[in-house]
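Quick notes on the structure that follows.
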Amino acid sequence: MAIRGYHAHIYFDPDELDTARAFADAAKNEFGVPVGHFHTTPVGPHPRGSCQLTLRPEQFEKFASWAPKARGGLTIFAHGLSGDDLADHTRYVIWFGQSEPLDLTIFN
């Protein structure tokens, strides 16, 4: 399956919202990536507050080198976009920071 792009989800707790916004702004400035809505409660498979960055394959290579240091204490969940949502969230994943359990029941 071809990976057409990537989503990087910034995970945060309420007291980390400003830090998450700063990371998203830095990613936008550094890579020109679109920044999604800041969800302050769990949405979809994500276990806590999150914001989605959308990256093209050529952006993701640079992002993956930049994010580990730039994230500070935030957890970033990144996954490929193949068209198979379950595989995208289980097989084509990279965690920057501690991995967290996802609610995969939405893909059944």
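Just give me the residues in segment 34-87 being among the hydrophobic types (A, V, I, L, M, F, W, C) and assigned to a helix (DSSP H, G or I), in sequence order. Of everything in segment 34-87, those that are among the hydrophobic types (A, V, I, L, M, F, W, C) and assigned to a helix (DSSP H, G or I) turn out to be F60, F63, A64, W66, A67, A70, L86, A87. Could you go through segment 52-72 and let me know if any residue there is touching a residue at least 12 places away in the same chain (Cβ under 8 Å), open to solvent by 60 Å² or more (accessible area, probe 1.4 Å) and within 12 Å of the chain's Cα centre (by Cα). Looking through segment 52-72, at least one residue is touching a residue at least 12 places away in the same chain (Cβ under 8 Å), open to solvent by 60 Å² or more (accessible area, probe 1.4 Å) and within 12 Å of the chain's Cα centre (by Cα).
Scan segment 84-101 residue by residue and report those that are under 13 Å from L74 (Cβ atoms), open to solvent by 60 Å² or more (accessible area, probe 1.4 Å) and within 12 Å of the chain's Cα centre (by Cα). Within segment 84-101, W95 is the sole residue that qualifies. Taking segment 57-80 as the range and being more than 14 Å from P45 (Cβ to Cβ) and of a type in the set (A, V, I, L, M, F, W, C) as the test, the residues that pass are F60, F63, A64, W66, A67, A70, L74, I76. Taking A27, is it under 15 Å from Y6 (Cβ atoms) and in a helix (DSSP H, G or I)? Considered against the rule, which asks whether it is under 15 Å from Y6 (Cβ atoms) and in a helix (DSSP H, G or I), A27 comes out as yes. Within segment 4-20, if we keep just the residues that are part of a helix (DSSP H, G or I) and touching a residue at least 24 places away in the same chain (Cβ under 8 Å), the residue that is surrounded by the most Cβ atoms within 10 Å (Cβ to Cβ) turns out to be A20.
Under the condition of being in contact with a Leu (Cβ under 9 Å, 6 or more places away or on another chain) and within 22 Å of A22 (Cβ to Cβ), the residues counted in segment 39-57 number 5.
For segment 89-96, state whether one or more residues are hydroxyl-bearing (S, T, Y) and in contact (Cβ under 8 Å) with a residue 12 or more places away in the chain. Yes, the conditions are met somewhere in segment 89-96.
The values are calculated or read from the model by the stated rules, or taken from the named source; none is laboratory data. Keep in mind that this is a model prediction, so the values were computed, not measured. No Cβ is skipped: glycine too gets one built from the backbone with ideal geometry, and neighbour counts run over all protein chains shown. The protein model used for the area step is the full one, side chains on, heavy atoms only, and it has no ligands, DNA or RNA in it. Shrake-Rupley method; radii C 1.70, N 1.55, O 1.52, S 1.80 Å.
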